[in-house]
1. Considering only the stretch 46-77, state which residues are touching a Phe, Trp or Tyr at 6+ places or on another chain (Cβ under 8 Å) and small (Gly, Ala, Ser).
2. Being of a type in the set (Lys, Arg), outside any loop (DSSP other than H, G, I, E, B), at pLDDT 95 or above and surrounded by fewer than 18 Cβ atoms within 10 Å (Cβ to Cβ): is that true of ARG79 here?
3. Under the condition of being hydrophobic (A, V, I, L, M, F, W, C) and open to solvent by 60 Å² or more (accessible area, probe 1.4 Å), which residue from the stretch 153-176 is nearest to GLY130 (Cα to Cα)?
4. Failed condition for ALA101, given (1) within 14 Å of GLY59 (Cα to Cα); (2) in a loop (DSSP other than H, G, I, E, B); (3) hydrophobic (A, V, I, L, M, F, W, C), with all others met?
5. Might you let me know whether the stretch 162-170 holds any residue that is more than 14 Å from ALA237 (Cα to Cα) and part of a helix (DSSP H, G or I)?
6. Mind listing whichever residues of the stretch 193-237 are part of a strand (DSSP E or B) and either open to solvent by less than 40 Å² (accessible area, probe 1.4 Å) or within 16 Å of VAL43 (Cα to Cα) (or both)?
7. Could you tell me which numbered condition GLN88 fails, if it satisfies all but one of (1) touching a Pro at 6+ places or on another chain (Cβ under 9 Å); (2) surrounded by 13 or more Cβ atoms within 10 Å (Cβ to Cβ); (3) farther than 14 Å from ASP61 by Cβ; (4) not hydroxyl-bearing (Ser, Thr, Tyr)?
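The values are calculated or read from the model by the stated rules, or taken from the named source; none is laboratory data. Computed from a predicted model, the values in this text were never measured in an experiment. Neighbour counts are summed over all protein chains in view; Cβ atoms, including those assigned to glycine, are modelled from backbone coordinates with ideal geometry. Remember, those area values only see protein heavy atoms, side chains included, never the ligands or the DNA or RNA. Shrake-Rupley method; radii C 1.70, N 1.55, O 1.52, S 1.80 Å.
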Amino acid sequence: MFHPKGPSFVELLQQGLSSVERGYDLLAPKFEYTPFRTPEALVKASLELAGPPGSVESGLDVCCGTGAAMRYLRPLCRRRVVGLDMSQGMLDEARRLLADAPGEAAFEFVRGDALDMPWREEFDLVTSFGAFGHILEEDEPRLVEGIHRVLRPGGRFLFITGDEPSRLSPGYWVARAFNAAMRVRNALWRPPFVMYYLTFLLPRARALLEAQGFSVEARRDTLPEPYARYGLSVVIATRR
């Protein structure tokens with residue numbers, strides 16, 4: 001499951017007993033060697049739907065981590081690519097890893113909260129990969145509202161999500177067991193570490209986005225195997 005250069009069990013335990021911000025600061029130097037990073041094939045296939053090179057003026061990756069999506073956003077954008085993350089460690093690692101990224105758009109690395117983004121109608125494309133588990137369900141409407149606010153009219157929000165798995169599948173119960181363990185951990189230990197599975201799934205995500213004024217398209221036919229069989233979709237939500 002883990003790469004030899006990845007974090008040890010003790011390091012993961014330290015992360016899990018920290019806040020989200022501090023945990024990812026600790027994990028950042030080894031994050032690329034963990035299974036928590038969104039696979040390159042998923043990011044690449046998703047952003048191929050965003051258009052040809054140079055078709056976007058400005059892009060934003062929310063909870064950018066070590067910059068996986070920013071690498072593919074840069075050739076799409078003519079002016080700027082912004083990465084937002086609460087972990088300075090992850091931003092520092094993204095800056096290092098993207099030093100050779102192709103494209104001419106200027107990179108900006110901003111430490112901040114996805115639920116309190118400082119921009120208004122500045123971006124044509126917003127992306128987010130692998131981050132929704134860090135957003136509590138009660139905060140999802142606030143996230144969607146913020147993304148709507150930072151997009152220009154006609155701008156798009158692109159991300160990957162899926163349908164809720166069958167309750168007959170082992171994966172469903174493993175995810176539920178993990179979520180239950182995290183709730184117990186957060187009830188007993190401070191600071192909390194927000195990380196849950198089966199969040200922002202398609203039916204709820206679509207409803208929240210449409211209520212905020214997005215039109216929503218879910219593409220199930222664009223992801224490579226083996227991911228296509230997992231019920232995942234690339235969602236493109238366009239601000240009306």
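1. Scanning the stretch 46-77 gives SER46, SER58, GLY59, GLY65, ALA68, ALA69.
2. Details: of a type in the set (Lys, Arg): yes; outside any loop (DSSP other than H, G, I, E, B): yes; at pLDDT 95 or above: yes; surrounded by fewer than 18 Cβ atoms within 10 Å (Cβ to Cβ): yes.
So ARG79 passes the test.
3. We begin by selecting, within the stretch 153-176, every residue hydrophobic (A, V, I, L, M, F, W, C); these are 157-160, 168, 173-175.
With open to solvent by 60 Å² or more (accessible area, probe 1.4 Å) added as a condition, the list becomes 168, 173-174.
Details: LEU168: 24, TRP173: 20, VAL174: 18 Å.
Looking at the filtered set, the residue picked out is VAL174.
4. The single condition ALA101 does not satisfy is (1).
5. Step one: filter the stretch 162-170 for residues more than 14 Å from ALA237 (Cα to Cα), giving 162-170.
Keeping just the survivors that are part of a helix (DSSP H, G or I) gives 170.
The answer is yes, given that some residue of the stretch 162-170 is more than 14 Å from ALA237 (Cα to Cα) and part of a helix (DSSP H, G or I).
6. Here is the first cut: in the stretch 193-237, the residues part of a strand (DSSP E or B) are 214-219, 232-237.
The answer is PHE214, VAL216, ALA218, ARG219, LEU232, SER233, VAL234, VAL235, ILE236, ALA237.
7. Looking at each condition in turn, GLN88 falls short on (1).
Residue-wise test of (1) surrounded by fewer than 19 Cβ atoms within 10 Å (Cβ to Cβ); (2) more than 29 Å from ARG183 (Cβ to Cβ).
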residue	(1), (2)
PHE107	no, yes
TRP119	yes, yes
GLU137	yes, no
LEU143	no, no
